[in-house]
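Here is the structure we will look at.
The values are calculated or read from the model by the stated rules, or taken from the named source; none is laboratory data. Remember, it's a predicted structure, so these values are computed and weren't measured experimentally. Because the Cβ atoms are built from the backbone with ideal geometry, glycine has one as well, and the counts that use them run over all protein chains shown.
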2 protein chains.
Amino acid sequence: MGVPQLSRRVLQRLMRYYRFLVEVTAKRPVRTITSGEIAEALEIDATQVRKDLGAIGLIGLGRVGFDVCEICRAIRTTLGFDQRHEAVLIGAGHLGLALLNYPGFATFGLDIVAAFDVDRRKLGRTIGSCRIRSVDTLGSFIRQRRVPLAMITTPAEVAQQVTDLCVANGIKAIWNFSPTQLTVPKRVLVYHEHISLGLSVLAYHMNGRVSPA
Amino acid sequence: MGVPQLSRRVLQRLMRYYRFLVEVTAKRPVRTITSGEIAEALEIDATQVRKDLGAIGLIGLGRVGFDVCEICRAIRTTLGFDQRHEAVLIGAGHLGLALLNYPGFATFGLDIVAAFDVDRRKLGRTIGSCRIRSVDTLGSFIRQRRVPLAMITTPAEVAQQVTDLCVANGIKAIWNFSPTQLTVPKRVLVYHEHISLGLSVLAYHMNGRVSPA
DNA sequence: TAGATTGTTAATCGATTAACAATC
DNA sequence: TAGATTGTTAATCGATTAACAATC
């Protein structure tokens, strides 16, 4: 693998470039774009943009900039959006349903293939393209289908328990939407959507304090 | 205001300390805690913890550590959780409902006082403690009640339009859950919940690449 | 007291930004 | 060609970590 490992920060910037370019080209067809244009729109330094694009093998043209399609393709390949990734979702509450109904994931290769819940009344219902199953069958489902990702939208109290079950059955990564810290072996990646972190910044601001940067 | 301005990063760490301490004390009563204990649990350097706590005026005791109650109180005060902050929520889809039903916000002083939607069939329903109203009344509601925060859970296509309406009526801050960038005057703070950023890190990892840090 | 923990200063590290020759 | 934009190296900046005397 000639590609050097990319830090979270770089990955997230690449995602922002990608999202921006998709949005721009949706409005009007654009063949090329300069690092300066991306930088200005995203409030990032242009040098940073060139470095990031360089890091995934893109080469710009003097006086012209970068080919938009090439950038998009390179980002898709690097981040793996061109691969199909299966996921299960655990906890079919409102948040779970919101994620199940979100059509955008498909664009990124993410395919939620099943949802699980403990509530018997919910079992069998079909949301989006997947059926809600009993959490009793979660372990075997993950193991047999080798599902790499679990999205956890359960209450905080059961999140660790559910996580352990996923880990025991070979999950590779966990997308944690519950407001609690999870403990996992270090081969498993946990990405925690810290919804409360936003609140800290917002509350501070509403108190009349302005946070720099 | 003797308190220096705190960066986003510091604010977010304070939130993490707070959440951790609440969780710990819920399990068993703890009077004091050392920077090292917090650091270990949150995988942060202990010096960092001491600096952050020092920044909000806390003083530890040699050989003992910090008083847990004092830390919590100081964080609540600094971040403004002891103040009541009103918010409106715009877009009563699944995500909107999830947020309306989330009981945790009250702990942080956040009170969602109204929800708005364009769908006439949803109007009048009551979720949690607030009624779903027509988006036609959004502007006057914000203006008359001087609501400082808007949580946007609409589709991306209308997010900017809704934002403009909020801004025109004096909103102070926007919590953006829609997957689109918003433009606002700089007196208004936008906190963007970038759900897709997590996906970039997760997809990269599932592709077999391990992202450092 | 002895020893663990603090607050603070200094050193390190990494990320961001500036500068500029090379390029189209 | 002239001039805008690149890729890359060097400088800056800020955040993190290490070191250690002061403290309880």
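Being away from chain A (no Cβ under 14 Å), surrounded by 15 or more Cβ atoms within 10 Å (Cβ to Cβ) and within 11 Å of DNA strand C (Cβ to nearest atom) is the filter here; which residues of segment B:13-38 pass it? Hits for segment B:13-38 are B:Thr32, B:Ile33, B:Thr34, B:Ser35, B:Glu37. From the list B:Ile142, B:Ile152, the one residue that fits, being in contact with a Cys (Cβ under 7 Å, 6 or more places away or on another chain), β-branched (Val, Ile, Thr) and crowded, with 23+ Cβ neighbours inside 10 Å, is B:Ile142. Residues of segment B:50-85 that are near DNA strand C (Cβ under 8 Å from one of its atoms) and not in a loop (DSSP other than H, G, I, E, B): B:Arg50, B:Lys51, B:Leu53, B:Gly54, B:Leu61, B:Gly65, B:Phe66. Within segment B:152-173, is even one residue within 11 Å of chain A (Cβ to nearest Cβ), of a type outside the set (Lys, Arg) and farther than 25 Å from A:Leu110 by Cα? Checked against the condition, which is being within 11 Å of chain A (Cβ to nearest Cβ), of a type outside the set (Lys, Arg) and farther than 25 Å from A:Leu110 by Cα, segment B:152-173 yields at least one hit. Residues in segment A:84-105 that are at pLDDT below 95 and surrounded by fewer than 18 Cβ atoms within 10 Å (Cβ to Cβ): A:Asn101, A:Tyr102, A:Pro103, A:Gly104.
Of all the residues in segment A:46-74, those that are more than 24 Å from the chain's Cα centre (by Cα) and either within 22 Å of B:His192 (Cβ to Cβ) or surrounded by 13 or more Cβ atoms within 10 Å (Cβ to Cβ) (or both) number 5.
Test A:Gly96 against the criterion of being at positive phi and either hydrophobic (A, V, I, L, M, F, W, C) or more than 16 Å from DNA strand C (Cβ to nearest atom) (or both), and give yes or no. So A:Gly96 does not fit the description; no.
Among the residues of segment B:49-57, is any away from DNA strand D (no atom under 16 Å from the Cβ) and in contact with a Phe, Trp or Tyr (Cβ under 7 Å, 6 or more places away or on another chain)? Within segment B:49-57, none of the residues are away from DNA strand D (no atom under 16 Å from the Cβ) and in contact with a Phe, Trp or Tyr (Cβ under 7 Å, 6 or more places away or on another chain). For B:Leu42, the conditions (1) under 21 Å from A:Ser178 (Cβ atoms); (2) surrounded by fewer than 17 Cβ atoms within 10 Å (Cβ to Cβ); (3) away from DNA strand D (no atom under 15 Å from the Cβ) all hold with the exception of (3).
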